[in-house]
Amino acid sequence: MRDSSNASSGGFCGLLTIVFIVLKLTNYISWGWEWVLAPLWIPFAVVLFILLIVLIISVIKAIFER
């Protein structure tokens with residue numbers, strides 16, 4: 001059985017991306033393409049940032065436990 005929270009989250013970002021692309025192509029918004037496609041890359045950036053923080057904390061903990 002699929003987890004509905006993951007499906008709706010991915011669907012929302014995908015839908016938002018499509019809406020932004022349509023608005024950009026119809027000249028309703030004049031944003032750069034990096035912001036039009038932001039719903040695709042921002043979630044990945046947040047996850048990478050959290051993983052980096054966890055890695056740094058783990059390394060610091062390992063150093064001080066010696």
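Descriptive notes on the structure:
- Fully extended contour minus Cα-Cα distance, from Leu52 to Leu23, at 0.36 nm per residue: 7.0 nm
- The label point for Phe12 and the one for Ile60, both projected 7 Å from the Cα toward the Cβ, are 3.1 nm apart.
Taken together, the values in this text are just the output of simple stated rules run on the coordinates, not laboratory data. Since the model is a prediction, treat every value here as computed from it, not as a measurement. Every residue, glycine among them, receives a Cβ derived from its backbone with ideal geometry; neighbour counts consider all protein chains shown.
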